[in-house]
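To keep things clear, I will list the structure first and then write my remarks on it.
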Amino acid sequence: MGKLSVGIVPVTAFQQNCTILFDEDTRAGVVVDPGGEVARIMDVIESNNLTIEAIWLTHGHIDHAGGAMDLKDKLDGLPIVGPHRDDEPLLDQLEQQARMFGSSDPARNCKPDQWLSDGDTVSFGGHSFDVYHTPGHAPGHVIFHNREHKFAQVGDTLFRGSVGRTDLWGGDAETLIESIRKKLLPLGDDVSFVCGHGPGSTFGEERRTNPFIASGA
């Protein structure tokens, strides 16, 4: 097992951080949240000589899961893993979400090969990630945390200086803040994270400065 590397491919008009996690030595990896522009994602995979083992989803919103089924087809049927089953209604309506948001990128309703639960573990290329169920932005939202490299992919739960929106179906502000304070922050101030949009940060920096969670965190 070599070094864990992280590549970000901002996709669609939402500029969602499709994330490619891979091992620098073996080039084995996974794609997290392929929200669309599958051809661009495939170009990155092929140009970096990566062997993708699975597609991981943090939640079922169109900007994160809209390209999952097309990418699965391009990768010869590799499994789609996650999110939590509570997001099944969202994944069943990705095509409707695309119409609602006026997305020009094609989307297909998604059927994951494996649902995830709090406490599960997923892995690739010798790198293991703990799964945490973090509802609030979406009912079935999950995050992925690698203890060895002190790294997390947190989807739309937490952002640099902000938190996920809670005005969409199944969102709840109180639940979201509870997820951040009880699931994310205890993982350690030195954990760096990639989020669903924009630049990443560390849990410590957000604990100190994020106006949504700094008070009482």
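Computed values, structure above
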| item | result |
| --- | --- |
| Pair list, Cβ < 6 Å and 6+ apart or interchain, from the range 146-157 residues that are in contact (Cβ under 8 Å) with a residue 40 or more places away in the chain to residues that are open to solvent by 70 Å² or more (accessible area, probe 1.4 Å) | 150/190 |
| Hey, residue 39 of a type in the set (A, V, I, L, M) and assigned to a loop (DSSP other than H, G, I, E, B) or not | no |
| Where residue 129 falls short, out of the listed (1) in a loop (DSSP other than H, G, I, E, B); (2) at pLDDT 95 or above; (3) surrounded by 15 or more Cβ atoms within 10 Å (Cβ to Cβ) | (1) |
| Hits in the range 8-33 (condition: assigned to a strand (DSSP E or B), open to solvent by less than 20 Å² (accessible area, probe 1.4 Å) and not hydrophobic (A, V, I, L, M, F, W, C)) | 16, 17, 19, 23, 29 |
| Any hit, the range 101-111, residues being open to solvent by less than 60 Å² (accessible area, probe 1.4 Å) and closer than 21 Å to residue 21 by Cβ | yes |
| Residue in the range 141-155 that is most open to solvent (accessible area, probe 1.4 Å), counting only those that are over 12 Å from residue 179 (Cα atoms) and not in a strand (DSSP E or B) | 147 |
| Positions within the range 161-206 being open to solvent by 70 Å² or more (accessible area, probe 1.4 Å), among the basic types (Lys, Arg) and in a helix (DSSP H, G or I), in sequence order | 181, 182 |
| One residue from 113, 118 being of a type in the set (Asp, Glu) and touching a Pro at 6+ places or on another chain (Cβ under 7 Å) | 113 |
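The values are calculated or read from the model by the stated rules, or taken from the named source; none is laboratory data. All values reported here derive from a predicted model rather than from experimental measurement. All Cβ positions, even for glycine, are placed from backbone atoms using ideal geometry, and neighbour counts span all protein chains on display. All accessible areas refer to the heavy atoms of the entire protein, side chains included, with ligands and DNA or RNA removed. Shrake-Rupley method; radii C 1.70, N 1.55, O 1.52, S 1.80 Å.
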